[in-house]
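> One structure follows; several queries about it will come next.
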Amino acid sequence: MIRRAKPVTPDAKAANRPLDSWRRGLLSRRRFLIAAAGGSIALLFAKQGVAKADPDDPVDPWPILEATLEHMLPSEPESPGAAEIHALDYLRFVVADPRIDAEERTFILQGSRWLDELAHERTGKPFIELGFDDKETLLRQITRSAAGENWASTVLSYLLEALLTAPAYGGNTDGIGWRWLEYVPGFPLPGPGTRYAELPL
């Protein structure tokens with residue numbers, strides 16, 4: 001028997017308002033930090049002497065973001081990591097969301113490219129080829145600038161969302177994060193047609 005999803009009620013829309021307000025606050029903070037870094041995403045990590053990547057041949061940001069997520073939450077025998085919770089799939093969902101702020105999208109994607117350039121500058125290797133210690137060193141270096149710290153915290157915040165989100169959004173596959181945390185979600189869970197990005201404004 002196929003169970004029909006319940007219609008979205010005004011109460012359900014209202015329940016999303018605190019989250020929308022929280023996200024708007026984060027975006028305002030990110031815009032401020034970008035401006036404080038010089039008004040350009042190119043100054044994200046306060047690097048010197050690194051040429052801007054050719055916009056016609058950009059570095060693919062997704063392997064860099066995947067390596068960053070998996071470094072922040074590595075897989076362990078007794079706990080799921082970024083790979084198991086499909087954090088990258090969730091981040092792809094977020095970036096593809098037409099409602100996401102354009103600056104937010106640029107902040108996430110371009111920031112990963114600058115991280116990769118910094119890896120080349122400091123180690124002679126792309127970020128994805130670095131060992132654990134070198135990745136840790138590089139990520140700690142970027143957090144010494146306000147904008148770099150903000151980029152890392154942005155990626156981390158979406159990683160935590162992937163751990164806790166309803167599986168309909170691409171992360172937390174089969175509720176693996178919930179089971180690990182012994183968390184019982186509310187019902188009904190969102191599905192196709194009732195995910196927040198699909199709700200009318």
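> Over the stretch 101-201, what relative contact order in percent results from Cα pairs under 8 Å that are six or more residues apart?
14 percent
> Residue-wise, which Karplus ³J(HN,Hα) couplings in Hz belong to the stretch 126-137, taking 6.51 cos²θ - 1.76 cosθ + 1.60, θ = phi - 60°, and x for glycine or proline?
My calculation for the stretch 126-137 gives x, 4, 5, 9, 6, x, 4, 5, 5, 5, 4, 4 Hz in order.
> Something else now. With θ taken as phi - 60° and the coefficients 6.51, -1.76 and 1.60, list the Karplus ³J(HN,Hα) couplings across the stretch 157-174 in order, rounded to whole Hz; mark glycine and proline as x.
Taking θ as phi minus 60°, the curve returns 5, 6, 4, 5, 4, 4, 5, 10, 6, 5, x, 4, 8, x, x, 6, 3, 6 Hz for the stretch 157-174.
> Still on this structure: Would you mind ranking Lys135, Lys125 by Cβ crowding within 10 Å, fewest neighbours first?
Fewest-to-most ranking of Lys135, Lys125: Lys125, Lys135.
Laboratory data are not the source of any read-out in this text; all were calculated from the coordinates shown. The shown structure was predicted, so the numbers you read here are calculated from the model rather than taken from an experiment. With ideal geometry, Cβ positions are generated from the backbone for all residues, glycine too; neighbour counts draw on all protein chains shown.
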